[in-house]
Amino acid sequence: LDALQEETVHSVLIVSDPFFAKNGEAARIGALIPGASVTIFGEVTPDPTLELVTQGLALLQQCRPELLIALGGGSAIDAAKGMWLFYEHPDTSFDGLRQRFLDIRKRAFKFPKLGQKAKLVAIPTTSGTGSEVTSFSVITDKQNGNIKYPLADYRLTPDVAIIDPQFTRSMPKSIVADTGLDVLTHAIEAYVSVMASDYTDGLALHAIEMVFTYLEKSYNGDPLAREKMHNASCIAGMAFTNAFLGLNHSMAHKLGAECHIPHGRANAILLPYVIKYNATKPTKFASFPKYKEYVADERYAKIARRVGLCSADTPISEAVDCLVKAIRELMTVTERPLCIKDCGVSEAEFMSKVDELSYKAFEDQCTTANPVYPLVSEIKELYREAYYGE
Ligand code: NAD
């Protein structure tokens, strides 16, 4: 915060969730900014909606801060990003923001420049989303079809990220597990993405290794492992903000919004099925300028070898199976449900929604970076498999 303290800040708004508003952490952080009046918006609930962003915006317009601090998990940080954008540019169209693009740098709709009125500092308290360093803000539009949109633009990236593991100590085990598996999904999807590069590969592989080494220990309360998972979350964020994600996230966004499954848990349940699907040579290839040929199967195998799940000469398909098996084992030791049915979603409810979920997942921004270009019918089959489990 030293750099911030050098600037004159008259008014600060802290965007957080009820947990940190009530336990005094939000106020304690506000007190670190000398001479500033501090307002706390502690209303953020998981999977923030456009209505919540609008509610926070009203407060922003009242207190007109030069500094916004997001304290919380991905939900608080994403809500703060949305509030920041509409505070700086109230006339921005949400319909424009959610437009899909192939290449983020060549899109039709331009995100406005942020930072003229306020800076954004993000302090993550879960070890999961990496939102503190990413270009994403995942906002649900409840009024128009209850669709969860991953808005994406580098202009949404916070000015400062403070990665301090002290905030992870209060995390309940279940949130440690869900968010830790979110980190794994980010890193794996970034590694097999059509936009993966030399710059993102190292970050993604290291984050994957860290999750396999530390998640179980972090789940069991080991403080060093909590710190390592906090770092892994941010490292995976750096990878996927550049390499983007894939079909797993597209499906998890729509599943989470419709069936109220926490984001990381939804990702983890789908992960084994999406890996097996992506690791099968496709008939319909994904296209991206630097993605010359399909290599996803080899990349999954490389992950398995790097983490020591198989030997260097294990054939690709066996190595992919080792990775899937290891993910299921990690889910089991962290007591996660392995299928959608075990999350308490009734078969009748799920099957009545699966067609719509599949269309919505196909249309999600994350699908464009997936190494296989999916058919809607294939997405539906993946949902069905993940519903019943193996
Ligand atoms: P979250 O922010 O929704 O928080 C989940 C729960 O954990 C909340 O009840 C919160 O109060 C509680 N909590 C958070 N930190 C805690 C702590 N230290 N101690 C005790 N309780 C704590 O969870 P999340 O998984 O971090 O965020 C999920 C959201 O982020 C989803 O909407 C998801 O789509 C989005 N997301 C965003 C990005 C991005 O790059 N912007 C990436 C992935 C996911």
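The values are calculated or read from the model by the stated rules, or taken from the named source; none is laboratory data. Quick caveat: nothing in here was measured; it's all calculated off a predicted structure. With ideal geometry, Cβ positions are generated from the backbone for all residues, glycine too; neighbour counts draw on all protein chains shown. What goes into the accessible areas is simple: the full protein's heavy atoms, side chains included, and nothing from ligands, DNA or RNA. Shrake-Rupley method; radii C 1.70, N 1.55, O 1.52, S 1.80 Å.
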Handout entry: Rounded to the nearest 20 debye, dipole of the chain from Cβ charges on Lys, Arg, Asp, Glu
Key = 440
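Return an integer: the convex hull volume of the alpha-carbon atoms of region 10-153, in Å³ per residue. Can you show the working numbers first?
Working: hull volume 15.5 nm³, N = 144.
Dividing the Cα hull volume of region 10-153 by its residue count gives 108 Å³.
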Handout entry: Dipole axis of region 1-121 (+1 Lys, Arg; -1 Asp, Glu on Cβ), positive-most option in Ile29, Ile14, Phe94
Key = Phe94
Fill in the blank from the handout: Mean Cβ-within-10 Å packing, highest first, puts peptides 93-106, 208-221 in the order 208-221, 93-106
Practice task
Note down the magnitude of the dipole of region 337-390 about its Cα centre, charges +1 on Lys and Arg C-beta and -1 on Asp and Glu C-beta and zero elsewhere, to the nearest 20 debye.
Solution key: 60
Problem - Efficiency of FRET from Cβ geometry, Arg306 and Asp222, R₀ 35 Å, rounded to 0.05 - result: 0.95
Fill in the blank from the handout: Between the modelled labels at Phe288 and Gln61 (7 Å from Cα along Cα→Cβ) the distance in nm is 3.8
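In the neighborhood of Ala252, defined by Cβ-to-Cβ distances under 14 Å, what is the net charge if each Lys or Arg adds +1 and each Asp or Glu adds -1?
In short, -1.
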Problem - Phi to ³J(HN,Hα) by Karplus 6.51 cos²θ - 1.76 cosθ + 1.60 over region 218-234, Hz, x for Gly, Pro - result: 5, 4, 8, x, 5, x, 5, 5, 4, 5, 4, 5, 5, 5, 4, 4, 5
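Using unit Cβ charges (K, R positive; D, E negative) and no other charged atoms, how large, in debye to the nearest 20, is the dipole of region 233-350 about its Cα centre?
Values: 15 positive and 12 negative charges, 82 e Å.
It comes to approximately 400 debye.
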Exercise for the section: Might you tell me the accessible area per residue for the chain, computed with a 1.4 Å probe and given in Å²? Expected result: 41
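What order do Glu335, Glu298 take when sorted by accessible area (1.4 Å probe), most exposed first? Display every interim value, and only then the final one.
Numbers: Glu335 120, Glu298 90 Å².
Output order, biggest surface exposure first: Glu335, Glu298.
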Fill in the blank from the handout: Across all Cα atoms of region 119-163, Rg and the largest Cα-Cα distance (Dmax), in Å, are 12.0, 35
Fill in the blank from the handout: Flagged as over-length at 22 Å C-alpha distance, from Lys110/Lys284; Lys81/Lys142; Lys142/Lys341, the pairs are Lys110/Lys284; Lys142/Lys341
Practice task
Using a Förster distance of 22 angstrom, determine the FRET efficiency expected from the C-beta separation of Gln143 and Arg105, and round it to 0.05.
Solution key: 0.10
Handout entry: Accessible surface of region 247-390, 1.4 Å probe, proportion on carbon and sulfur as whole %
Key = 52
Practice task
Using 0.36 nm per residue of separation minus the Cα-Cα distance, give me the extension gain between Gln166 and Thr314 in nm, one decimal.
Solution key: 49.2 nm
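Can you compute the FRET efficiency between Glu347 and Ser377 using 1/(1 + (r/R0)^6), with r the Cβ-Cβ distance and R0 = 25 Å? Round to the nearest 0.05. If you can, show how the numbers build up before the last one.
Working: r = 20 Å, r/R0 = 0.79.
The value I calculate is 0.80.
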Exercise for the section: Return the Rg/Rh value of the chain, two decimal places, where both radii are evaluated on C-alpha atoms and Rh is the Kirkwood radius. Expected result: 0.96
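What is the sum of charges around Pro112, taking Lys and Arg as +1, Asp and Glu as -1, for the other residues whose C-beta is under 11 Å from the C-beta of Pro112? Write down the numbers at each step before the final one.
Working: positive: Lys110, Lys113, Arg155; negative: Glu88, Asp91, Asp153.
Net local charge, Pro112 excluded: 0.
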